[in-house]
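Enquirer: I have a structure here, written as structure tokens, and I will follow up with some questions on it.
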Ligand code: LMR
């Protein structure tokens, strides 16, 4: 049987982790996978997470199974953090999932159960694992324009023109904040126009919220999701705690499905629990428990928010410094957009050959589409990257 297997293509982002490890150069710079790193290159365990883990070790008396949907307290705390009460609780169904990817996978499976013929609309570009999972599940997908590479900004006119083609019941996947890979985001006014368009078309928004707190702040980053949730009758939200709680390997995510009316909630909830059971039974608990403890304890919440804000400010400073350094090194404003992008990523707009030269000649690793992880930089490496980019673009 196993001899019938064909090799799978390596994940373009995760592949970089190994390539970087294998590179013996001491001067190498890792701007690949979306993991926050401090100025020393460490991905720290956040202070509030450490404190919660200590408490948990003391108070946890059992590791027996939780509910199929995860702990209700976790799901409620996440709904509160994301939606802040903008949708009545009796319209919300939710399950804990193994990370944000697990939430996306479960959402797509839910769509497949409810509307197998629906087309999923993806931004061009998007996180490569979106189309990969959709293709794997054998679902229909198409793209809408999103990014204007020549200006480094959102091509909003193109986006609206393409979304005008959605059919009733189609699902439109949107990055709630900190668009991955471009770093370019809609304004709230543009989000409102998208909500109106989707409602007019009877299409369903599906929001991927993996970076809440990394862009303009915890509340500001949730504002587009809240706007959509307030205006659209039916919404799916896949959220991740990997980045904002720094608990990547704990696999902590949540899928929230908003029903148009309270009467549909129980069946939706039952289907979400069913899907968890089919795929992995119970979702991972440790990370979810830490998040619940942090969000339900004002002292831990304050500590966590303060550190998250430090992380965000650090990335903003790096953005500004990189934009300035690129302006100086290239003697042009071509890369000014880096300062106005938000989140971990910016797409620099280099060719695959230029990206390869940066890796081969300068030991600088970024995704092939020239997406960089801003947090992979520090005060020392910002000018090195700027000079190298200036060199490869000639
Ligand atoms: C990324 O885009 O680098 C992150 O979301 C990590 C991943 O799983 O790809």
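Enquirer: May I ask for the Rg/Rh ratio of the stretch 185-316, computed from Cα atoms with Rh as the Kirkwood radius, given to two decimals?
Expert: Values: Rg = 16.4 Å, Rh = 16.5 Å.
Rounded to two decimals, Rg over Rh is 1.00.
Enquirer: So, one more: So if I take the centroid of the Cα atoms in the stretch 193-242 and the same for the stretch 52-109, what is the distance between those two points in Å?
Expert: That distance is 18 Å.
Enquirer: What would the Debye equation give as log₁₀ I(q)/I(0) for the stretch 1-132 at q = 0.09, 0.12, 0.13 Å⁻¹, counting only Cα atoms as equal point scatterers?
Expert: Log-scaled intensity ratios, in q order: -0.50, -0.88, -1.01.
Enquirer: Sorting 178, 232 on the 10 Å Cβ count, fewest up front, what's the list? Spell out each step's value before the answer.
Expert: Numbers: 178 26, 232 19.
Final ranking by Cβ density, sparse to dense: 232, 178.
Enquirer: Send over the Kirkwood Rh of the stretch 65-296, from the inverse of the averaged 1/r over different Cα pairs, rounded to one decimal Å. Don't skip to the end; give the middle numbers.
Expert: On the way: mean 1/r = 0.0572 Å⁻¹.
For the stretch 65-296, inverting the mean 1/r across all distinct Cα pairs yields 17.5 Å.
Enquirer: So how much slack lies between residue 266 and residue 164, counting 0.36 nm per residue of separation and subtracting their Cα-Cα distance, in nm? Don't skip to the end; give the middle numbers.
Expert: Details: separation 102, 0.36 × 102 = 36.72 nm, distance 3.26 nm.
The span from residue 266 to residue 164 would gain 33.5 nm if fully extended.
Enquirer: Please rank 254, 389, fewest neighbouring Cβ atoms within 10 Å first, as an exposure proxy. Present the calculation step by step, with values, prior to reporting the outcome.
Expert: Values: 254 31, 389 24.
Least to most surrounded, the residues fall as 389, 254.
Enquirer: What is the gain in length, in nm to one decimal, between residue 273 and residue 1 on full extension, counting 0.36 nm per residue of separation less the C-alpha to C-alpha distance? Don't skip to the end; give the middle numbers.
Expert: On the way: separation 272, 0.36 × 272 = 97.92 nm, distance 3.21 nm.
My answer for the length gained is 94.7 nm.
Enquirer: Taking the chain as the reference, fit the longest principal axis to its C-alpha atoms, fit the long axis of helix 352-362 to the helix C-alpha atoms, and give the angle between the two in degrees, 0 to 90, nearest 10.
Expert: Helix 352-362 sits at roughly 60 degrees to that axis.
Enquirer: Right, next: For the stretch 134-205, just say rounded, prolate or oblate: build the C-alpha gyration tensor, square-root its eigenvalues into a ≥ b ≥ c, call rounded for a/c under 1.5, and beyond that prolate if a/b exceeds b/c, oblate if not. Let's see the in-between values first.
Expert: Working: a/c = 1.80, a/b = 1.24, b/c = 1.45.
Oblate is the answer for the stretch 134-205, as a/c is 1.5 or above yet b/c matches or exceeds a/b.
Enquirer: If I model the chain as equal point scatterers sitting on the Cα atoms and use the Debye formula, what is log10 I(q)/I(0) at q = 0.08, 0.09 Å⁻¹?
Expert: Log10 of I(q)/I(0), two decimals: -0.42, -0.54.
Enquirer: Please rank 121, 57, fewest neighbouring Cβ atoms within 10 Å first, as an exposure proxy.
Expert: So the ranking, lowest neighbour count to highest, is 57, 121.
Enquirer: May I pose another question? How much of the DSSP beta bridge set in the chain is antiparallel, as a percent to the nearest 5? If you can, show how the numbers build up before the last one.
Expert: On the way: 17 of 36 bridges.
The answer is about 45 percent antiparallel.
Enquirer: What residues from the stretch 175-216 fall in the zone where the backbone N is under 17 Å from a label point 7 Å along the Cα-to-C-beta line of residue 115?
Expert: Counting only backbone N, you get 175, 194-208.
Enquirer: Specify the angular offset, from 0 to 90 degrees and rounded to the nearest 10, of the alpha carbon long axis of helix 72-83 from the longest principal axis of the alpha carbons in the chain.
Expert: 50 degrees
Only the coordinates and a few stated rules stand behind these numbers; no lab work does. Not measured: the values here are computed from a predicted model. We place every Cβ from the backbone using ideal geometry, glycine too, and count neighbours over all the protein chains shown.
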